[in-house]
Amino acid sequence: MNELLFLSRFQFALTACYHWLFVPLTLGLGIVMSVMETLYVRSGDDFWKRTAQFWQKLFGINFAVGVATGIILEFEFGTNWSNYSWFVGDIFGAPLAIEGILAFFMESTFIALMFFGWGKISRKAHCTSTWLTVIGATISAWWILVANSWMQNPVGMEFNPATVRNEMLDFFAVAFSHTAIIKFAHTVLSGWMTGAAFVVAVSSWYLLRGRNLEMAKRSIKVAAIVGLIGSLGCMGAGDASGVDIARTQPMKLAAAEGLQKGSCEAPFSIVPGVEIPHMLSFLATHDFNGFVPGIEDITRLGYTSHQSEEVLSGEAKIAEGRLALEAFKRYRQLRQSDPEGAAQALADFNAHKAYFGYGYLENADALVPNVPIVYWSFRIMIAMGSFVVLIFLLALWLDYKKRLESSRLFHYGALLALPCVYLAGQCGWIVAEVGRQPWAIQGLLPVNAGLSSLAPTNVLATTLIFAVIFTALLAAEIRIMTRAIKDHQA
Amino acid sequence: MNLLRRIFYFYLDGFRQMTWGRQLWIIILIKLFVMFAILRLFFFQPVAPTIAQ
């Protein structure tokens, strides 16, 4: 990988990872505090009002520090990924613009009512504002994930060779693609898990310290229920995502399993050497004997998919892509001077354009992402996520047995669940994004073709500046939040 | 007009009565200044795409 490509990818990954520290807590903690305020409105019990206000305070700290951190990613599209932005900006820009105009303003309006409105508007109106703040944040996530899903599974567009841009044909196909719906559910519900794990961890800290006991116990119960609902939904969406990825991004699945040769009896690898027979076939196709292609099938051999489609090998696709690229260059050269020659070149291009993006790749090996990173990130995500689910289950069981206050082992486990849930979220994104390499847009544009012509030192400089700023923001958030937690007296 | 006045005073009172929120607003304003007045203007200038060539 050349230096510019490495640095540009590194910068984008770093920005996205930092951004994803703030977002899931906003989504999940928002649900927990909204449920608590609803309990206050329904019961009239001031305990729930004070409890909801405390968690809203922590929500506010996270929101204030995290808000707009995603804008840096949008800067990077114009600076580091200008070819990408030119190529697909007409499609990719639409959901980002809707996110900015609709969802962000909705969040901003109702968050003001939520923080300034206590005692000034009715209880029901306040509770509605709190819910609408969270719904606004969730809608915001929807449009960002629509944009990301379109990169994973581009639909609803047509390539215009005259402008070298992809143009949107069907907005609803982009906004409500199968991939977008699944990704939205999986990602937002993982945010619920994060918010719930945060509340359980902070509350367990209070229980360990023997402080704010009633608030801590009742908060754990609410959070564990929200977390468990989020976990079940997240698992369901993860299952649907497995089938979707097997169909649209088979290389990602093969890399996540380290599967070299395809099989109708593909096993699921728990760790190297420990496998569950037929399980990968089932997860990928919902059929214990469904065919799952391996890396060799995708790069060199070609295969017949579970849906009985003949799929060319990567080598054959690259050969087709080079023909498309050559015809496209010819078209660009002739379109002013020789209309007939340009028309022939365009016809040649159209004959091979399905594999246009493959023409930018050096060889079939370039189609393989970093297998160890994807393989282990997937397993860490599952292991960490399962531990967090176990904590939610344990919390509800201990609450039922009236032992929530006395079980110190659970309190320490809950504290451990907090870094685990963040690690699971980060690893999930690593699987999604490293797993789809070398593509910036699956099958259309590899990352090396999406880059800007920049000096690597420029990208390095902005990466360092960005890393310093975001580390400072993270340190500020942790400091303010820990102080707010320590100072709180229920 | 009365509605606009009420909205104005709602926000004004909200900002006046802030306690820990002041610190957060300072962070937000510094962050937005750094992002838009420094990073965006001096470091993240849009680059002309070359893919059409």
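Of note:
- When every residue of segment A:288-301 is checked against the conditions, none turns out to be among the basic types (Lys, Arg), open to solvent by less than 20 Å² (accessible area, probe 1.4 Å) and not in a loop (DSSP other than H, G, I, E, B).
- Taken over segment A:234-259, the criterion of being under 18 Å from the mean Cα position of the chain (by Cα), among the charged types (D, E, K, R) and surrounded by fewer than 20 Cβ atoms within 10 Å (Cβ to Cβ) is satisfied by A:ASP239 alone.
- Among the conditions (1) touching a residue at least 40 places away in the same chain (Cβ under 8 Å); (2) part of a helix (DSSP H, G or I); (3) open to solvent by 30 Å² or more (accessible area, probe 1.4 Å), A:ILE135 misses just one, which is (1).
- Segment A:445-461, subset more than 9 Å from chain B (Cβ to nearest Cβ), outside any helix (DSSP H, G or I) and buried (at least 21 other Cβ atoms within 10 Å of the Cβ), residue modelled with the lowest pLDDT: A:LEU451
- Test result for A:TRP429, crowded, with 19+ Cβ neighbours inside 10 Å and within 22 Å of B:ILE51 (Cβ to Cβ): no
- Being more than 8 Å from chain A (Cβ to nearest Cβ), modelled with pLDDT under 80 and open to solvent by less than 80 Å² (accessible area, probe 1.4 Å) is a description that applies to B:ILE38.
- Qualifying residues in segment A:80-119 (those that are of a type in the set (S, T, N, Q) and facing another protein chain (nearest Cβ under 10 Å)) - the one farthest from A:SER34 (Cα to Cα): A:ASN83
- The condition of being more than 13 Å from chain B (Cβ to nearest Cβ) and acidic (Asp, Glu) does not hold for A:GLU74.
- Checked against (1) closer than 18 Å to A:TYR303 by Cα; (2) modelled with pLDDT of 95 or more; (3) open to solvent by 70 Å² or more (accessible area, probe 1.4 Å), A:GLU265 passes all but a single condition, namely (2).
- Lone qualifier among A:ASN62, A:ASN83 - being within 30 Å of A:ASN166 (Cα to Cα) and either at pLDDT 90 or above or hydroxyl-bearing (Ser, Thr, Tyr) (or both): A:ASN83
- Matching entry among A:ILE391, A:ILE373 (being open to solvent by 20 Å² or more (accessible area, probe 1.4 Å) and within 27 Å of the chain's Cα centre (by Cα)): A:ILE373
- Condition broken by B:THR19, with the remaining ones in (1) surrounded by 11 or more Cβ atoms within 10 Å (Cβ to Cβ); (2) more than 8 Å from chain A (Cβ to nearest Cβ); (3) part of a loop (DSSP other than H, G, I, E, B) satisfied: (1)
- Of all residues in segment A:49-68, one or more are over 28 Å from A:LEU460 (Cα atoms), of a type in the set (Ser, Thr, Tyr), in contact (Cβ under 8 Å) with a residue 24 or more places away in the chain and in a helix (DSSP H, G or I).
- So A:ALA316, is it of a type outside the set (Ser, Thr, Tyr), more than 29 Å from A:ASP239 (Cα to Cα), out of contact with any helix residue (DSSP H, G or I) (no Cβ under 8 Å at 6 or more places or on another chain) and open to solvent by less than 70 Å² (accessible area, probe 1.4 Å): yes
- Within segment A:148-160, the set of residues being out of contact with any helix residue (DSSP H, G or I) (no Cβ under 6 Å at 6 or more places or on another chain) and either away from chain B (no Cβ under 14 Å) or touching a residue at least 24 places away in the same chain (Cβ under 8 Å) (or both) comprises A:ASN148, A:MET151, A:PRO154, A:GLU158, A:PHE159.
- Residue list for segment A:462-489, filter: open to solvent by 40 Å² or more (accessible area, probe 1.4 Å), touching a helix residue (DSSP H, G or I) at 6+ places or on another chain (Cβ under 9 Å) and farther than 20 Å from A:ASN62 by Cβ: A:ILE465
The values are calculated or read from the model by the stated rules, or taken from the named source; none is laboratory data. Being a predicted model, the structure only gives us computed values, none of them experimental. Quick reminder, even Gly has a Cβ in these numbers, built from the backbone with ideal geometry, and neighbours come from all protein chains shown. To get the accessible areas, we keep the full protein, side chains included, count just its heavy atoms, and leave off ligands, DNA and RNA. Shrake-Rupley method; radii C 1.70, N 1.55, O 1.52, S 1.80 Å.
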